[in-house]
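Q: Quick one: the structure is below, questions incoming.
The values are calculated or read from the model by the stated rules, or taken from the named source; none is laboratory data. Note that the structure is predicted; figures quoted are calculated from it, not measured. Every residue, glycine as well, gets a Cβ built from its backbone with ideal geometry; the counts of neighbours run over all protein chains shown.
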Amino acid sequence: MAVSFCRTCEATCGVLVEVEDNRVLRIRADRDHVVTKGYSCMKGLRFDEVHHSPDRLQAPIKRTGTEWQPVAWDDALGDIAARMASIVGAHGPDAMGQFVGSPAGANVLSGAFRGALWSAIGSTRAYGTGTCDTSNKFRVNHEMYGASMRLAHPDIRRVQFLLVLGANPVVSGNTLYHLPAPARRFNDIVRRGGRVVFANPRRPESAKAGEHVFIRPDTDVFLLAAFCNELILQGGVDRERIAAHMRGFEELRAAVEPWTPQRQEAVTGVSADVLRGLVDDHIAADGAALYMATGVNQGRSGSLCFWLAEAINAVSGNLDRAGGTLMGRGLYDMAAATKDRLGPSYDRGDEFPTVAGQQPAAMLADDIESGKVRGLIVEASNPLLAVSNPSGRLTKALAKLDLLVCIDLFRNETGNLAHYVLAAPTWLERAEIPYAIQSFAGAMPVPYITYSEACVQPAPGVQHEWWIYSRLAEEMGLPMPPSPEGLIDAALAAGGAPSSAELVRNHPHGLLIDHDPAETFLGPERVLTADRLVDLAPAAIVDTFCEHADDFYRRELADRDRMKLIGKREMNRINTSSANAPGLVRERTNFAYLHPADAERTGVSDGERVSVTSEFGQVVIPVRISDEIMPRTVAIPQCWGHADADGLSHAQDHPGVNSNLLAGDGPHNVEKLSGMAHLSGIVVTVSKAQPTTTLDGSE
Ligand SMILES: Nc1nc2c(c(=O)[nH]1)N[C@H]1C(S)=C(S)[C@@H](COP(=O)(O)OP(=O)(O)OC[C@H]3O[C@@H](n4cnc5c(=O)[nH]c(N)nc54)[C@H](O)[C@@H]3O)O[C@H]1N2
Ligand SMILES: Nc1nc2c(c(=O)[nH]1)N[C@H]1C(S)=C(S)[C@@H](COP(=O)(O)OP(=O)(O)OC[C@H]3O[C@@H](n4cnc5c(=O)[nH]c(N)nc54)[C@H](O)[C@@H]3O)O[C@H]1N2
Ligand code: SF4
Ligand SMILES: [Mo]
């Protein structure tokens with residue numbers, strides 16, 4: 001029996017792994033884990049189906065035409081390194097790109113070695129699906145607090161009023177905020193007389209505890225601006241704290257002044273009275289917090305929204321206050337250590353910043369078409385399905401690369417276009433500490449540290465990502481640390497934590513570290529802006545808001561009667577990663593969720609098919625009718641569309657439809673402040689599909 005933790009989502013639940021002859025027999029929840037205490041979900045408990053899938057790669061494979069053959073590591077890496085060198089030689093280092101997906105975030109060593117290889121090459125060309133989930137937060141943190149990784153989180157144990165926008169932690173396990181067993185936490189707030197309100201175009205599972213308010217997709221910026229304005233007008237500001245620790249209050253006040261509760265109502269659908277009630281309760285509460293995540297991040301104004309939410313938390317005196325939002329400490333000050341490296345930089349030479357080390361995924365097709373990118377290594381990602389792929393534009397672009405290499409457990413849809421797919425281990429085969437973001441930035445209500453040995457050994461033909469990057473460096477004659485020996489222990493030691501061996505021996509279920517205390521953040525030590533004040537009105541952000549808010553508003557008014565597309569995370573799927581697990585995925589397709597009134601207007605009944613068309617593409621998909629969706633909204637679970645996945649046999653039998661064929665890419669569909677892709681709140685039309693229409697929309 002191995003004691004470990006699941007790395008399938010950010011909840012990083014403690015698990016017990018039964019192993020026999022290097023095979024995983026069963027994964028169970030670990031009731032003794034110091035924080036997750038037996039909480040888990042099917043995606044983690046059934047991860048053995050991913051791990052032992054008959055489709056898993058046992059060795060690297062090479063494509064010749066449409067044929068795939070196993071290949072020796074030395075041959076594969078020798079050829080890949082030679083091709084990388086020739087791309088760099090002919091077109092410069094930035095022609096060689098990397099693209100990382102979300103599972104890579106859990107892989108502590110791969111990041112270090114990938115980063116070292118790209119530095120040695122001299123390339124800044126790094127893309128990732130971080131620009132599909134949370135780059136806006138990093139940009140705003142940098143502007144307001146002086147470092148991308150200064151990340152506040154609600155003090156969930158004490159908060160009395162919590163407004164959650166665009167997150168569904170009960171299904172997602174959350175992101176950039178460690179919150180296992182969220183339903184219990186939300187229930188506790190209600191039980192102690194507090195209020196939890198979810199603003200969401202769909203009544204989310206999380207709202208079973210607390211209340212729900214429908215908000216029209218991609219209009220949160222107006223609600224937040226009016227919230228901030230009303231809060232200031234009602235006197236809900238802490239003048240003393242502002243004077244002592246913040247700057248820019250007057251600019252903030254002036255920026256939000258035009259936004260009244262009535263004005264926002266016309267586009268958000270949230271009545272002025274409901275909004276005023278939220279503000280009143282926020283002011284009255286003994287500790288209040290606003291929290292937002294991907295549903296808002298992926299709109300057109302993710303950075304503006306996060307700025308407003310953080311500004312509200314700050315001016316109301318709730319930032320760094322018990323029951324408000326806290327800036328966790330983590331083991332060591334990762335935010336300070338990475339301040340310069342992970343701040344926004346304009347090394348692309350255009351208007352889009354690299355944020356937290358990532359360039360916009362939704363610019364990749366443009367960058368390939370214009371010849372800026374000639375080679376790409378994709379680690380732990382499936383961009384064809386996960387990223388904006390308007391009518392298959394990204395698919396066509398990736399097929400043009402001189403070199404495409406995927407490092408993955410499987411040959412996924414993106415892998416089908418690759419020259420090589422290199423076989424990587426699962427988290428069960430890695431020794432690790434949990435996500436850097438949680439352990440080190442400390443965005444966790446109950447901070448702890450844990451270490452897991454590898455539960456099983458990888459097959460002989462499977463190699464760790466760090467090893468792959470080291471070997472590529474060696475083949476290219478570039479300097480690189482030869483092995484990761486001691487790296488994790490050095491990180492633990494830097495934070496004064498016990499060694500990995502001691503953690504395994506004495507604290508197998510995790511070791512609690514100090515609780516996040518309140519009132520330790522504001523002041524000259526941890527606020528990292530030049531003058532050590534929280535900037536309530538960073539120029540880049542306020543200027544963007546003042547310049548564009550009226551235009552956005554007019555467009556929302558004009559589009560008020562049109563349908564908008566949002567995503568939907570499902571309990572049994574994690575992005576595209578679990579699509580091949582038979583015990584998890586039983587439906588043959590995803591569905592378009594429609595409000596009964598929209599279904600009636602469209603003339604479809606449950607199970608019938610609709611065509612969903614945006615300015616960028618069209619899909620045909622069966623309908624589920626539900627009053628959990630607000631009118632004029634269609635929700636389609638993302639990261640489906642496996643019809644071509646002959647490397648994922650179960651997924652190919654349960655293909656569904658890729659909603660990201662409807663998302664736009666290129667400069668007009670990327671948020672300028674942060675490089676975030678516009679994936680939620682896309683204007684579409686929905687019509688009844690002709691019986692002869694095929695799944696890709698052709699007649
Ligand atoms: N089961 C499962 N868990 C996952 C994942 C998964 O695929 N499946 N993916 C993982 C990943 S990579 C991430 S980043 C996290 C994300 O974690 P979350 O950010 O919690 O993501 P979602 O569960 O999609 O919640 C987003 C919510 O926003 C709502 N929404 C959509 N548009 C808008 C809008 O314009 N305004 C507002 N106010 N709400 C909106 C949606 O209805 C949805 O309920 O989840 C992780 N966990
Ligand atoms: N419309 C819409 N689109 C979205 C979203 C949305 O809400 N709406 N959400 C976005 C978000 S938040 C994200 S993060 C992306 C997710 O998209 P990605 O980050 O690309 O993640 P996955 O699609 O799960 O692809 C992960 C790949 O990594 C492989 N893998 C799993 N574990 C490992 C490992 O340990 N090592 C290696 N080498 N490979 C591994 C899997 O087999 C799979 O092929 O999708 C984004 N796309
Ligand atoms: S909630 Fe996330 S970390 Fe926990 S078992 Fe499920 S997938 Fe794994
Ligand atoms: Mo994500």
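Q: Of everything in region 89-111, what is aliphatic (A, V, I, L, M) and either under 20 Å from the mean Cα position of the chain (by Cα) or under 19 Å from Ala365 (Cα atoms) (or both)? Give them in sequence order.
A: Applying the first criterion (aliphatic (A, V, I, L, M)) to region 89-111 yields 90, 95-96, 100, 104, 106, 108-109.
Within region 89-111, Ala95, Met96, Val100, Ala104, Ala106, Val108, Leu109 meet the criteria.
Q: While we're on this one: I'd like to check something: does region 12-21 contain any residue that is buried (at least 24 other Cβ atoms within 10 Å of the Cβ) and within 15 Å of ligand 2 (Cβ to nearest atom)?
A: Yes, there is a match, as at least one residue in region 12-21 is buried (at least 24 other Cβ atoms within 10 Å of the Cβ) and within 15 Å of ligand 2 (Cβ to nearest atom).
Q: Still on this structure, I have one more. Can you pull out every residue in region 89-113 that is polar (S, T, N, Q) and either within 16 Å of ligand 3 (Cβ to nearest atom) or outside the structural domain of Pro482 (by TED's automatic domain parsing) (or both)?
A: Within region 89-113, Ser102, Asn107 qualify.
Q: When region 284-295 is examined, which residues are found to be in contact with a strand residue (DSSP E or B) (Cβ under 9 Å, 6 or more places away or on another chain) and either of a type in the set (A, V, I, L, M, F, W, C) or within 16 Å of ligand 3 (Cβ to nearest atom) (or both)?
A: Ala284, Ala285, Ala288, Ala289, Leu290, Met292, Ala293
Q: Pick out the one residue from Val50, Val3, Val17, Val24 that is farther than 26 Å from Val585 by Cβ and either away from ligand 4 (no atom under 16 Å from the Cβ) or not in a helix (DSSP H, G or I) (or both).
A: That would be Val3, the only listed residue that is farther than 26 Å from Val585 by Cβ and either away from ligand 4 (no atom under 16 Å from the Cβ) or not in a helix (DSSP H, G or I) (or both).
Q: Also, quick follow-up: Given the conditions (1) exposed (fewer than 15 other Cβ atoms within 10 Å of the Cβ); (2) farther than 27 Å from Gly97 by Cα, and given that Met444 satisfies all but one, which numbered condition is not satisfied?
A: The failed condition is (1).
Q: Can you pull out the residues in region 364-392 that are among the acidic types (Asp, Glu) and either within 15 Å of ligand 2 (Cβ to nearest atom) or part of a loop (DSSP other than H, G, I, E, B) (or both)? Working first, answer last.
A: Quick first cut of region 364-392, residues among the acidic types (Asp, Glu) only: 366-367, 369, 379.
The one that is among the acidic types (Asp, Glu) and either within 15 Å of ligand 2 (Cβ to nearest atom) or part of a loop (DSSP other than H, G, I, E, B) (or both): Glu379.
Q: Next question. Residues of region 287-303 being of a type outside the set (Val, Ile, Thr), part of a helix (DSSP H, G or I) and closer than 14 Å to Pro217 by Cα, which ones?
A: Matches in region 287-303: Gly295, Asn297, Gly302.
Q: Test Asn658 against the stated conditions and say whether it is closer than 19 Å to Thr414 by Cα and at pLDDT 95 or above.
A: The answer is yes for Asn658.
Q: Taking Ala501, is it in contact with a helix residue (DSSP H, G or I) (Cβ under 6 Å, 6 or more places away or on another chain), assigned to a helix (DSSP H, G or I) and at pLDDT 95 or above? Give the steps one after another, and end with the answer.
A: Details: in contact with a helix residue (DSSP H, G or I) (Cβ under 6 Å, 6 or more places away or on another chain): no; assigned to a helix (DSSP H, G or I): yes; at pLDDT 95 or above: yes.
Judged against the criteria, Ala501 is not a match.
Q: Which one of Leu679, Leu662, Leu648 is over 26 Å from His212 (Cα atoms), in contact with a Gly (Cβ under 8 Å, 6 or more places away or on another chain) and surrounded by 19 or more Cβ atoms within 10 Å (Cβ to Cβ)?
A: Leu662 is the lone residue from the list that is over 26 Å from His212 (Cα atoms), in contact with a Gly (Cβ under 8 Å, 6 or more places away or on another chain) and surrounded by 19 or more Cβ atoms within 10 Å (Cβ to Cβ).
Q: I'm trying to understand the selection: among the residues of region 565-590, which are in a strand (DSSP E or B), over 17 Å from the mean Cα position of the chain (by Cα) and within 8 Å of ligand 1 (Cβ to nearest atom)?
A: Scanning region 565-590 gives no hits.
Q: Here is a further query. How many residues are surrounded by fewer than 21 Cβ atoms within 10 Å (Cβ to Cβ) and either in contact (Cβ under 8 Å) with a residue 40 or more places away in the chain or not assigned by TED's automatic domain parsing to the domain that holds Asp408 (or both) when one looks only at region 351-378?
A: 4
Q: Related question: State which residue is surrounded by the fewest Cβ atoms within 10 Å (Cβ to Cβ) when the search covers only region 199-216 and only residues that are assigned to a strand (DSSP E or B) and near ligand 1 (Cβ under 8 Å from one of its atoms).
A: Per the criteria, the residue is Arg202.
Q: Among the candidates Val421, Val405, Val446, which residue alone is assigned to a loop (DSSP other than H, G, I, E, B) and either assigned by TED's automatic domain parsing to the domain that holds Pro154 or of a type in the set (Val, Ile, Thr) (or both)?
A: Val446
Q: Something else now. With respect to the numbered conditions (1) buried (at least 21 other Cβ atoms within 10 Å of the Cβ); (2) at positive phi; (3) away from ligand 1 (no atom under 16 Å from the Cβ), which one is the sole condition not fulfilled by Ser391?
A: Looking at each condition in turn, Ser391 falls short on (1).
Q: Quickly run through region 560-580 and pick out the residues that are more than 14 Å from ligand 2 (Cβ to nearest atom) and crowded, with 16+ Cβ neighbours inside 10 Å. Explain how you work it out, then say what you get.
A: Going through region 560-580, the residues more than 14 Å from ligand 2 (Cβ to nearest atom) turn out to be 560-563, 571.
Selection gives Met563 alone.
Q: If you go through region 111-145 one residue at a time, how many are of a type in the set (Ser, Thr, Tyr) and within 16 Å of ligand 4 (Cβ to nearest atom)? Walk me through it before giving the result.
A: Here is the first cut: in region 111-145, the residues of a type in the set (Ser, Thr, Tyr) are 119, 123-124, 127, 129, 131, 134-135, 145.
This time we only want the ones that are within 16 Å of ligand 4 (Cβ to nearest atom), so: 127, 129, 131, 134-135.
Within region 111-145, residues that are of a type in the set (Ser, Thr, Tyr) and within 16 Å of ligand 4 (Cβ to nearest atom) number 5.
Q: Moving on to the next point. From Met292, Met246, grab the single residue that is within 16 Å of ligand 4 (Cβ to nearest atom) and crowded, with 16+ Cβ neighbours inside 10 Å.
A: Selected residue: Met292, the only one of Met292, Met246 that is within 16 Å of ligand 4 (Cβ to nearest atom) and crowded, with 16+ Cβ neighbours inside 10 Å.
Q: Could you say which residue among Gly97, Gly105 is crowded, with 19+ Cβ neighbours inside 10 Å and either modelled with pLDDT under 95 or at positive phi (or both)?
A: Being crowded, with 19+ Cβ neighbours inside 10 Å and either modelled with pLDDT under 95 or at positive phi (or both) holds for just one of Gly97, Gly105, which is Gly105.
Q: Just one of Ala147, Ala112 is modelled with pLDDT under 95 and away from ligand 2 (no atom under 14 Å from the Cβ); which is it? Step through it out loud before you land on a result.
A: On the way: Ala147 fails: modelled with pLDDT under 95.
Just one listed residue meets the conditions, Ala112.
Q: Further question on the same structure: Looking only at region 147-196, which residues are in a loop (DSSP other than H, G, I, E, B), more than 21 Å from Gly328 (Cα to Cα) and away from ligand 1 (no atom under 14 Å from the Cβ)?
A: Arg192, Gly193, Gly194
Q: Does Ala581 fit the bill of being within 16 Å of ligand 3 (Cβ to nearest atom) and among the hydrophobic types (A, V, I, L, M, F, W, C)?
A: So Ala581 passes the test.
Q: Scan region 537-558 and tell me whether some residue there is of a type outside the set (A, V, I, L, M, F, W, C), in a loop (DSSP other than H, G, I, E, B), closer than 30 Å to Glu628 by Cβ and away from ligand 2 (no atom under 16 Å from the Cβ).
A: Looking through region 537-558, none of the residues is of a type outside the set (A, V, I, L, M, F, W, C), in a loop (DSSP other than H, G, I, E, B), closer than 30 Å to Glu628 by Cβ and away from ligand 2 (no atom under 16 Å from the Cβ).
Q: All but one of (1) away from ligand 1 (no atom under 16 Å from the Cβ); (2) over 30 Å from Phe249 (Cβ atoms) hold for Met144; which doesn't?
A: Against the list (1) away from ligand 1 (no atom under 16 Å from the Cβ); (2) over 30 Å from Phe249 (Cβ atoms), Met144 comes up short only on (2).
Q: Can you tell me which of (1) outside any helix (DSSP H, G or I); (2) more than 14 Å from the chain's Cα centre (by Cα); (3) among the aliphatic types (A, V, I, L, M) is the one Met144 doesn't meet?
A: The number of the failed condition is (1).
Q: Cβ-Cβ under 9 Å, sequence separation 6+ or interchain: first residue in region 129-146 and at positive phi, partner surrounded by 24 or more Cβ atoms within 10 Å (Cβ to Cβ) and in a helix (DSSP H, G or I). Which pairs?
A: Partner pairs satisfying both residue conditions: Gly146/Ala335.
Q: Quick check on region 93-110: of everything there that is within 16 Å of ligand 4 (Cβ to nearest atom) and not in a strand (DSSP E or B), which residue is nearest to Lys372 (Cα to Cα)?
A: Looking at the filtered set, the residue picked out is Gly101.
Q: Is there any pair with a first residue in region 316-340 that is among the hydroxyl-bearing types (Ser, Thr, Tyr) and a second that is at pLDDT below 95 and assigned to a helix (DSSP H, G or I) whose Cβ atoms are under 9 Å apart and which are 6 or more apart or on different chains, and what are they?
A: What qualifies is Tyr332/Ala491; Tyr332/Ala494.
Q: Among the residues of region 170-179, are any under 18 Å from Asn297 (Cβ atoms) and without any contact (Cβ under 8 Å) to a residue 60 or more places away in the chain?
A: There is no residue in region 170-179 that is under 18 Å from Asn297 (Cβ atoms) and without any contact (Cβ under 8 Å) to a residue 60 or more places away in the chain.
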